[in-house]
Amino acid sequence: MPFPRAAGVHLHPTSLPGPFGIGDLGPAAYRFVDFLVAGRQRLWQVNPLGPTGYGDSPYAGLSAFAGNPNLLSPELLLAADLLSPDDLQDVPAFPPERVDFGWIIPWKRQLLERVFARYSDGAAPGVHERVAAFRQAPAVRAWLDDYALFAALKERHGGAVWNTWGDGAARRDPTALDAWRAELGRAIDYHVLVQYLFSEQWSRVKAYANQHGIHLIGDIPIFVAYDSADVWAHPDLFELEADGSPRAVAGVPPDYFSATGQLWGNPLYDWPVLEDRRFAWWIERFRAMLRLVDAVRLDHFRGFESYWRVPAGETTAVNGQWVKCPGERLFAAVGRALGSLPIMAEDLGVITPQVEALREGFGFPGMKVLQFAFVEGSDGGFLPHRYPRNCVVYSGTHDNDTAVGWWATCPVEERRRVARYLGREPGEIHQELLRLALASVADTALCPLQDVLGLGSEARMNFPGRPAGNWTWRLADEAPLGLAAGFLAELAETYERA
């Protein structure tokens, strides 16, 4: 579907400021919406919102449907009478500029355990009724029961991967699962409560944003993690061996970035089975996401035309092959079920005419990244004067260095190309890229908050291929937002995006 001419900012909620070690859905989220309004922006893009597993990546979550408990706001839980003031008296001195996941996750868990104990003792009685209604809603029951049991089982097994739990739990033997449900009833109820609270807090943030003219853009990774409720609950939808291990895994082939390609390791979908079931799982995934956000960035769109299939056991992605995906029939089925699809396609990398045809056939805008426009060997497709209107332009993405960090390390020839394109020596490079993005004909312009504020490499969010230490950056001080809002507002008004 076409998107109106607009601009926005990309910031994952974990990067919001606040005293509790990680950004959350409390007051800072509402102040960020106020900042977007002051900057005459219309869009707020986030990364996947699910609970994270090993490596803390939002793109390797424990569920494609559940929300991240670490995003829950202690202040809002206190206001809801689910915490007492004493519970927040001894908050550790968390670092304000980064998320220390090893510290914050256990602290947040013990805090949520207090919430559950207070709830179980009858506090906030109105919440009990709302949790019961939430739990019985058909769209929620489609995933919540499986997720809550998966999470409880994973904890009981010390966090071990689900295929090591033993045949009863790993193979989902009905008798064994009934026994586990009875034994783990309290733990299951805990996870149900947490998911209700996430739904409530996120819904309020979304409502506030929408009321102020801000639309939210979410993110759907094409693949799910092997150690997830999705694979455990629906093993028949994935290419798995009889023992539950992956038969083949996802990745991308060798290219000029890597001589051995990228071996992601995600299990692959059994697309004939999904199609035989009329893509019901994917339809529910889109339906769930579009309750949380107004539009979706679809990660690795290229894989919906053909995906790189690597046999399990390979140590690199070299020995893979392209396998055709029924993407056209998938999106047609989702469209019939849900109507017009507000999808933005992440179509970066080596893109074939067939991928472009799939994207264009459904009218999905693709992505343009300004940092790529000036790289040696670029075909010019990322230069603003080459853009189609139906695209999304970024100064950079969560996988790139910040604009300032990129400029500090890029080759001299790239700097010359930038100066030649601007017709002068650039001033503040982050402001130059923002102006190029918003001035372009692209219908949508999005920039990471790090580029809006002109932060350096210390604010980079992700280093692809690095297994740990990513996704930690936080905005320590909100003061710079006030200064940046004026510049954003000027650009948005000048280039008719306000």
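Brief remarks on what is shown
Residues are listed down the side, and each one gets a yes or a no for (1) over 23 Å from the mean Cα position of the chain (by Cα); (2) among the hydroxyl-bearing types (Ser, Thr, Tyr); (3) at pLDDT below 95:
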residue	(1), (2), (3)
Arg415	yes, no, no
Gly423	yes, no, no
Arg435	yes, no, no
Leu455	no, no, no
Arg474	no, no, no
Gly482	yes, no, yes
Arg497	yes, no, no
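- Against the numbered list (1) modelled with pLDDT of 95 or more; (2) assigned to a helix (DSSP H, G or I); (3) out of contact with any helix residue (DSSP H, G or I) (no Cβ under 7 Å at 6 or more places or on another chain); (4) more than 22 Å from Ala225 (Cα to Cα), Ala93 comes up short only at (2).
- Filter result (closer than 30 Å to Phe364 by Cβ and out of contact with any Ser or Thr (no Cβ under 7 Å at 6 or more places or on another chain)) within segment 392-409: Tyr394, Ser395, Thr397, His398, Asp399, Asn400, Trp406
- Scan of segment 164-223 for residues that are among the basic types (Lys, Arg) and surrounded by 14 or more Cβ atoms within 10 Å (Cβ to Cβ), ordered by number: Arg171, Arg172, Arg181, Arg204, Lys206
For every residue, the table says whether it meets (1) under 30 Å from Thr444 (Cα atoms); (2) without any contact (Cβ under 8 Å) to a residue 24 or more places away in the chain; (3) out of contact with any strand residue (DSSP E or B) (no Cβ under 7 Å at 6 or more places or on another chain); (4) among the hydroxyl-bearing types (Ser, Thr, Tyr).
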residue: Asp121; (1), (2), (3), (4): no, yes, yes, no
residue: His128; (1), (2), (3), (4): no, yes, yes, no
residue: Gly213; (1), (2), (3), (4): yes, no, yes, no
residue: Ile217; (1), (2), (3), (4): yes, no, no, no
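- Hits in segment 259-298 (condition: in a helix (DSSP H, G or I) and either more than 21 Å from Leu237 (Cβ to Cβ) or among the charged types (D, E, K, R) (or both)): Glu275, Asp276, Glu284, Arg285, Arg287, Arg291, Leu292
- If you go through segment 300-318 and keep only what is buried (at least 19 other Cβ atoms within 10 Å of the Cβ) and either among the aromatic types (Phe, Trp, Tyr) or in a loop (DSSP other than H, G, I, E, B) (or both), you end up with His300, Phe301, Phe304, Glu305, Tyr307, Trp308, Ala317.
- Residue tally, condition closer than 13 Å to Val9 by Cα and assigned to a helix (DSSP H, G or I), over segment 439-486: 8
- Residue match in segment 409-432 (condition: touching a residue at least 24 places away in the same chain (Cβ under 8 Å), surrounded by fewer than 14 Cβ atoms within 10 Å (Cβ to Cβ), among the aliphatic types (A, V, I, L, M) and more than 20 Å from Trp44 (Cβ to Cβ)): no
- Among the residues of segment 383-408, not one is within 17 Å of Thr444 (Cβ to Cβ) and at pLDDT below 95.
- Selection within segment 258-273: residues that are under 30 Å from Phe463 (Cα atoms) and among the hydrophobic types (A, V, I, L, M, F, W, C). The member of this set that is surrounded by the most Cβ atoms within 10 Å (Cβ to Cβ) is Leu268.
- Index of the failed condition, Asp86 passing every other in (1) outside any helix (DSSP H, G or I); (2) without any contact (Cβ under 8 Å) to a residue 24 or more places away in the chain: (1)
- Complete set of residues in segment 274-298 that are crowded, with 17+ Cβ neighbours inside 10 Å and either touching a strand residue (DSSP E or B) at 6+ places or on another chain (Cβ under 8 Å) or among the β-branched types (Val, Ile, Thr) (or both): Ile283, Arg285, Phe286, Met289, Leu290, Leu292, Val293, Ala295, Val296, Arg297, Leu298
- Failed condition for Gly50, given (1) touching a residue at least 40 places away in the same chain (Cβ under 8 Å); (2) crowded, with 21+ Cβ neighbours inside 10 Å; (3) under 23 Å from the mean Cα position of the chain (by Cα): (1)
- Just so you know, in segment 50-83 the residues that are assigned to a loop (DSSP other than H, G, I, E, B) and of a type in the set (D, E, K, R) include one that is farthest from Gly469 (Cα to Cα), and it is Asp81.
- Single residue of segment 242-257 satisfying the filter (surrounded by fewer than 21 Cβ atoms within 10 Å (Cβ to Cβ) and either among the hydrophobic types (A, V, I, L, M, F, W, C) or free of Cβ contacts under 8 Å to residues at least 60 places away in the same chain (or both)) that is nearest to Gly377 (Cα to Cα): Phe257
- Of all the listed residues (Arg130, Arg135), the sole one being assigned to a helix (DSSP H, G or I), surrounded by fewer than 16 Cβ atoms within 10 Å (Cβ to Cβ) and among the basic types (Lys, Arg) is Arg130.
- Residue tally, condition in contact (Cβ under 8 Å) with a residue 24 or more places away in the chain and within 24 Å of the chain's Cα centre (by Cα), over segment 258-284: 17
- Checking Leu370 against (1) buried (at least 16 other Cβ atoms within 10 Å of the Cβ); (2) out of contact with any helix residue (DSSP H, G or I) (no Cβ under 7 Å at 6 or more places or on another chain); (3) at pLDDT 95 or above; (4) among the hydrophobic types (A, V, I, L, M, F, W, C), the condition it does not meet: (2)
- Cβ-Cβ contacts under 7 Å between residues 6 or more apart (or on different chains), taken from a first residue in segment 95-113 that is of a type in the set (A, V, I, L, M) to a second residue that is part of a helix (DSSP H, G or I), are listed as Val99/Thr14; Ile104/Asn70; Ile105/Asn70; Leu111/Pro74; Leu111/Asp87; Leu112/Pro69; Leu112/Val194.
- Scanning segment 455-470 for residues that are within 17 Å of Val369 (Cα to Cα) and either surrounded by 18 or more Cβ atoms within 10 Å (Cβ to Cβ) or not hydrophobic (A, V, I, L, M, F, W, C) (or both) turns up Arg460, Met461, Asn462, Pro464.
- Hits in segment 39-62 (condition: over 30 Å from Arg435 (Cβ atoms) and among the β-branched types (Val, Ile, Thr)): Thr52
The values are calculated or read from the model by the stated rules, or taken from the named source; none is laboratory data. Just so it is clear, the structure is predicted and the values come from calculations on it, not from any experiment. Please note: Cβ atoms are built from the backbone with ideal geometry, for glycine as well, and neighbour counts cover all protein chains shown.
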